[in-house]
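The values are calculated or read from the model by the stated rules, or taken from the named source; none is laboratory data. Predicted model, so just to flag it, every value in this text is computed and none were measured. FYI the Cβ positions are ideal-geometry reconstructions off the backbone, even for glycines, and counts take in every protein chain you see.
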Amino acid sequence: MSTLLELSGLTAAYGGVRALDGLDLHVDEGEFVVLLGPNGAGKTTTMKTVSGLLKPVSGRILFAGQDLAKVPGWRRPGLGLGHVPEGRQIFPDHTVLENLALGGFPTRRRRAETERRRDEMLEIFPRLAERRSQLAGTLSGGEAQMLAVARALMAAPRLLMLDEPSLGLAPLKVAELFGYLKRLHDERGLTILLVEQQAGTALRLADRGYVLERGRVAVEGTAAELRDDPRVQAAYLGRLHQETA
Ligand SMILES: Nc1ncnc2c1ncn2[C@@H]1O[C@H](COP(=O)(O)OP(=O)(O)OP(=O)(O)O)[C@@H](O)[C@H]1O
Ligand SMILES: [Mg+2]
């Protein structure tokens, strides 16, 4: 398998406060990788540096072999980087269909392609099809999260990064959303990097994972290795086997 995303020696800071401290990780083409770790470990910061919302202090980000240092954030979706940030950030005063159209921005010049993908999203997420003309601000939490994922998929990303998509969702909605992610990975070969607090659930879906602590990788391995790792079990207080989904 070829490497799609590779971070090496990545250091990032907010003002003088270091959030990433020499982070090394990679995601291969077709993989489903989970990023775990306590609050403040640097998971969100990792995604922000990859999508270009935050400029690293040092280190390198390679995406599909290209060094992203000189690629501005607004051009990265066009390269195939999809990011569903913490807290969804859909457009509440636009309908479901309008939100999807906005997600097709990098391909907007190919209108037929945008419409084809929109129809595909409505097929993958039938609940969005039922609510296509509803304002996004009136969707339930789970529906809004699905819209955020569908919108990111509109740009046909090669890598989809999701930052805690389960936050605030009821267990059944989490199971439904993760079911979609699993199908996108299994059936369409979508490459996924997922930040998730529900470690047990995430490790059942993922191929491989990393546990971040204080801005660096503390543990890495296959999903099975992480599930059996005493450090992971200690960090998640034996909750690994109690979660739903
Ligand atoms: N905008 C900011 N300004 C200053 N410090 C920040 C900012 N965003 C994050 N930090 C700090 O950077 C560190 C890493 O934060 P980050 O958001 O990446 O953590 P996280 O692993 O995503 O945590 P969580 O699980 O709580 O979402 C933390 O110490 C945090 O306080
Ligand atoms: Mg975070």
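Couple of notes before you dig in:
- Qualifying residues in the stretch 157-175 (those that are away from ligand 1 (no atom under 16 Å from the Cβ) and under 14 Å from the mean Cα position of the chain (by Cα)) - the one surrounded by the fewest Cβ atoms within 10 Å (Cβ to Cβ): Arg158
- The requirement of being more than 16 Å from ligand 1 (Cβ to nearest atom), over 23 Å from Phe178 (Cα atoms) and touching a Lys or Arg at 6+ places or on another chain (Cβ under 8 Å) is fulfilled somewhere in the stretch 94-101, by at least one residue.
- Just one of the listed residues (Leu62, Leu25, Leu54, Leu10) is under 20 Å from Leu205 (Cβ atoms) and either surrounded by 17 or more Cβ atoms within 10 Å (Cβ to Cβ) or in contact (Cβ under 8 Å) with a residue 24 or more places away in the chain (or both), namely Leu25.
- Members of the stretch 28-47 found to be surrounded by fewer than 16 Cβ atoms within 10 Å (Cβ to Cβ) and within 16 Å of ligand 1 (Cβ to nearest atom), listed by number: Pro38, Asn39, Gly40
- Those helices (runs of 4 or more DSSP H) of the stretch 128-245 in which 1 or more residues are under 20 Å from Lys48 (Cα atoms) and within 16 Å of ligand 2 (Cβ to nearest atom) occupy 141-154.
- Flag for Val50 being in the same structural domain as Glu220 (by TED's automatic domain parsing), part of a strand (DSSP E or B) and either more than 14 Å from the chain's Cα centre (by Cα) or within 18 Å of Asp163 (Cβ to Cβ) (or both): no
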